[in-house]
1. For the stretch 27-78, what is the accessible area per residue in Å² when the probe is 1.4 Å?
2. List, largest first, the extents of the alpha carbons of the chain along their principal axes, each in whole Å.
3. Please determine, in degrees from 0 to 90 and to the nearest 10, the orientation of helix 192-205 with respect to the longest principal axis defined by the Cα atoms of the chain, where the helix direction is its Cα long axis.
4. Given the pairs K157/K221; K90/K180; K65/K90, which span a C-alpha to C-alpha distance of over 24 angstrom in this model?
5. Taking only Cα atoms, what is the 0 to 90° angle, nearest 10, from helix 34-43's long axis to the longest principal axis of the chain?
6. Let's test the formula: R0 of 41 Å, r as the Cβ-Cβ distance of E35 and N135. What FRET efficiency results, to the nearest 0.05?
7. Could you work out the relative contact order of the chain, using alpha carbon pairs under 8 angstrom and six or more residues apart, expressed as a whole percent?
8. With the full set of protein chains in place, find how many percent of the accessible area of the chain is carbon and sulfur; take the probe as 1.4 Å.
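The values are calculated or read from the model by the stated rules, or taken from the named source; none is laboratory data. In this text the structure is predicted, and so the values were computed from the model without any measurement. Methodologically, a virtual Cβ is constructed for each residue, glycine included, from the backbone with ideal geometry; neighbour enumeration extends over all protein chains shown. When the accessible area is computed, the model is the full protein with side chains, heavy atoms only, and any ligands, DNA or RNA have been set aside. Shrake-Rupley method; radii C 1.70, N 1.55, O 1.52, S 1.80 Å.
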Amino acid sequence: MPLIYIVEDDQDIREIILYALQAAGFLVSGFETGEEFFKAVLESVPHLVILDIMLPVDDGLSILKKLRRMTLTREIPIIMLSAKGSEVDKVKGLDLGADDYITKPFGVVELISRVKALLRRTVPAAAEKEIKFGNLTLNNDRREVIANDEKIELTYKEYELLSYLIHNSGRALNRERIMKAVWDFDFEGESRTLDMHIRSLRKKLGTEGEQIKTVRNIGYKFGD
């Protein structure tokens with residue numbers, strides 16, 4: 001069942017959307033601010049986001065930019081929601097990566113129809129639920145890693161790092177690129193953080209950890 005997040009600071013509107021989508025059979029959660037929303041994303045990535053433009057602190061367009069920069073969320077379909085109805089506002093949101101745009105006031109029937117249409121187009125093309133590489137398996141739905149038939153407990157960032165390396169298997173990735181993709185906007189540490197995570201991954205994965213190669217003067221790669 002698709003999981004949908006709604007970021008809307010107007011409680012009445014947020015509750016109407018939540019109720020309508022729940023009645024339509026979706027799993028939904030609502031958030032008043034971008035900060036609350038991103039905390040939830042780190043716990044569970046939604047299949048679709050409904051994002052209001054006018055929000056306190058970080059506005060919807062700023063949140064949209066962050067979502068499209070993050071490896072974890074860059075492919076999530078996003079519907080922008082706003083009282084602004086000018087063509088310029090719509091184009092700005094769409095140019096930044098939004099998939100659809102609905103102007104307030106709107107009908108819930110139309111909203112549900114837009115949500116269903118967007119999910120039909122995007123969910124089948126979403127990242128694989130399960131990735132296999134040799135004796136290593138990543139299940140993105142459960143965020144679970146199996147190495148040599150043994151479940152491996154990874155931290156959030158360890159999982160993201162491993163997933164990124166596997167998706168780019170065979171390619172030498174420089175440190176800056178890896179750090180940008182995995183830590184993105186909230187990264188404030190030094191490159192030692194990357195080395196520490198690599199060491200931890202190698203240790204936890206056992207023999208499968210040997211597939212993480214050090215590329216001298218560049219960074220790392222996964223596989224040959």
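1. Numbers: 2300 Å² over 52 residues.
Accessible area per residue: 44 Å².
2. Here the Cα extents, ordered largest to smallest, are 56, 33, 25 Å.
3. Once rounded, one gets 70 degrees.
4. Details: K157/K221 17 Å; K90/K180 29 Å; K65/K90 15 Å.
K90/K180, as the Cα separations exceed 24 Å there.
5. Helix 34-43 sits roughly 40 degrees off the main axis of the chain.
6. Details: r = 40 Å, r/R0 = 0.96.
Calculated transfer efficiency: 0.55.
7. Details: 316 pairs, mean separation 30.1, N = 224.
Here the relative contact order equals 13 percent.
8. Working: 5910 of 12090 Å².
Solvent-exposed carbon and sulfur of the chain make up 49 percent of the total.
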